[in-house]
Ligand SMILES: NC(=O)c1ccc[n+]([C@@H]2O[C@H](COP(=O)([O-])OP(=O)(O)OC[C@H]3O[C@@H](n4cnc5c(N)ncnc54)[C@H](OP(=O)(O)O)[C@@H]3O)[C@@H](O)[C@H]2O)c1
C-alpha cells in the first residue's frame, strides 16, 4: 500500500511539485546531526530541492562540511544543537520561535565504534556507555520533538521523522546483528517513544514516522566493506520519497528507505 503512495509521490516530484501540494521553496526542514553522513546528505538534497534547511550540529565550531554547504547554498542556515543538552534544545526552539518547520528530521545518533564491539557484547558489556546511548538516540529525539512541536504545528507540512534502525526491531530480530546491545535498545526505545508521539500528535494533523535508512556507507564506515552497503544519496533519495508520501493516515509507521513497512 505504501509503495503505491510512493509511486504517486515520485511522479509528483518528477513534475516539480510535492504531494503535500505546497510550494517547494516555502518549506522548511530542521535536521539534527547534519554535519556528516545521512544528516549532511539530507541537508544537501533538501537544499537542492529548494527547501529552507536548518542544519544543526553539536560542535564548538561550525564543522567544515556545513561551512562549505552554507557557503554554496544560501538556503542553508547552520545552528548548534547537542541533542543531549536540553538547555541548548530549548534555546534553539526559542530562537526559532515563529518559524514554521514543515519537517523535523531527528537524525542525530550514535552507533558506537563497530571496530570495538566488546563494549556492546554480552560478557564484556561496558555499562558506563548505556546512558550516553539512551540520552542521544532515544531521549534526544524525544526532547527535540517536544521542543519543536509548536513550530511543526504552525507549518503547512506538519511532519516529524526519526532515523531508527532495524537493529531496534523486535520483529526483525534486531536486524540479525550480533552484540550492539546499547545501540539496539536505544533504537527500540526511540521506536516506542515516536509511536507514542505519533498518537499524541495525530489530532494536530502532524504525521510522524520512524525510518530505516538501510545499511549506508557513511564516512565513519571507511575501510569497512559489506555487500549490503548502499550509498547515502540512494538512501536519502528513498527516504525523501517516503517522507513525501507520509500522511496522518500512515502516521506511526516504521518504514524502510525503499518504502517497505518494517515490523516494530
Ligand atoms: N549509516 C547507517 O548504515 C545507519 C543505519 C541505521 C541507522 N542509522 C542512523 O542514522 C543516523 C545518522 O547516522 P550516520 O550513519 O549518518 O552516522 P554519522 O555520520 O556518525 O552521523 C551521526 C550524526 O549525529 C551527530 N550526533 C551524535 N551525537 C550527537 C549529539 N549528542 N547531539 C547532536 N548531534 C549528535 C553526529 O555529530 P558528530 O559528528 O559531532 O559526532 C553526526 O552529525 C543515526 O541516528 C544512526 O543511528 C545509520
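Read-outs throughout are calculated quantities, based only on the coordinates presented, and are distinct from any laboratory measurement. Bear in mind that the values here come from a model prediction, so they are computed numbers and not experimental data. Backbone-built Cβ (ideal geometry, glycine too); neighbour counts: all protein chains shown.
Using 0.36 nm per residue, how much length does the chain from residue 126 to residue 85 gain when fully extended, once their Cα-Cα distance is taken away?
Numbers: separation 41, 0.36 × 41 = 14.76 nm, distance 2.28 nm.
This chain segment gains 12.5 nm when fully extended.
Is the stretch 2-256 best put as rounded, prolate or oblate by its Cα gyration tensor, with a ≥ b ≥ c the root eigenvalues, rounded for a/c under 1.5, and otherwise prolate when a/b is larger than b/c, oblate when not? Can you show the working numbers first?
Values: a/c = 1.42, a/b = 1.33, b/c = 1.06.
Because its axes are fairly even, with a/c under 1.5, the stretch 2-256 counts as rounded.
For labels at residue 231 and residue 172 in the simple 7 Å Cα→Cβ model, what's the distance in nm?
Label at residue 231, label at residue 172, 2.2 nm between them.
Using Cα pairs under 8 angstrom and six or more residues apart, how large is the relative contact order of the chain, in percent? Could the numbers behind the result be given before it?
Details: 508 pairs, mean separation 49.8, N = 264.
Rounded, it is 19 percent for the chain.
Say R0 is 30 Å: what FRET efficiency, to the nearest 0.05, do residue 202 and residue 261 get from their beta-carbon distance?
Details: r = 18 Å, r/R0 = 0.60.
My answer for the efficiency is 0.95.
Per-residue counts of other Cβ atoms within 10 Å, averaged by peptide: what ranking do you get for 141-147, 45-51, highest first? Write out the running numbers ahead of the final one.
Working: 141-147: 21.9, 45-51: 18.7.
The packing order, highest mean first, is 141-147, 45-51.
Using a ≥ b ≥ c from the Cα gyration tensor of the stretch 17-154 (square roots of the eigenvalues), is it rounded, prolate or oblate, where a/c under 1.5 gives rounded and otherwise the larger of a/b and b/c decides, a/b for prolate?
Values: a/c = 2.09, a/b = 1.71, b/c = 1.22.
In terms of gyration-tensor shape, prolate.
Please report 221, 81 as a ranked list, fewest other C-beta atoms within 10 angstrom at the top and most at the bottom. Before the final figure, lay out the partial values.
Numbers: 221 15, 81 22.
If I rank by nearby Cβ atoms, fewest first, I get 221, 81.
What angle, in degrees between 0 and 90 and rounded to the nearest 10, separates the Cα long axis of helix 232-245 from the longest principal axis of the Cα atoms of the chain?
Approximately 50 degrees, to the nearest ten.
Of the DSSP beta bridges with both residues in the chain, give the percent that are antiparallel, rounding to the nearest 5. Before the final figure, lay out each step's value.
On the way: 1 of 26 bridges.
Approximately 5 percent, going by the DSSP bridge assignments.
Among 240-251, 87-98, how do they line up from the highest to the lowest mean number of other beta-carbon atoms within 10 Å?
Numbers: 240-251: 20.3, 87-98: 13.9.
Going by the mean number of other Cβ atoms within 10 Å, highest first, we get 240-251, 87-98.
Among 67, 216, 99, 160, which comes first, then next, by fewest other beta-carbon atoms within 10 Å?
Ascending Cβ contact count within 10 Å gives the list 67, 99, 216, 160.
Between residue 222 and residue 97, take the C-beta separation as r, use R0 = 51 Å, and let me know the FRET efficiency to the nearest 0.05.
Working: r = 40 Å, r/R0 = 0.78.
According to the calculation, E is roughly 0.80.
Roughly speaking, what is the stretch gain from residue 60 to residue 26, that is 0.36 nm per residue apart minus the C-alpha to C-alpha distance, in nm to one decimal? All intermediate terms of the calculation are to be shown ahead of the outcome.
Details: separation 34, 0.36 × 34 = 12.24 nm, distance 3.02 nm.
Length difference between fully extended and current span is 9.2 nm.
So how do 105, 230 line up by other beta-carbon neighbours within 10 Å, fewest first?
On the way: 105 29, 230 15.
Least to most surrounded, the residues fall as 230, 105.
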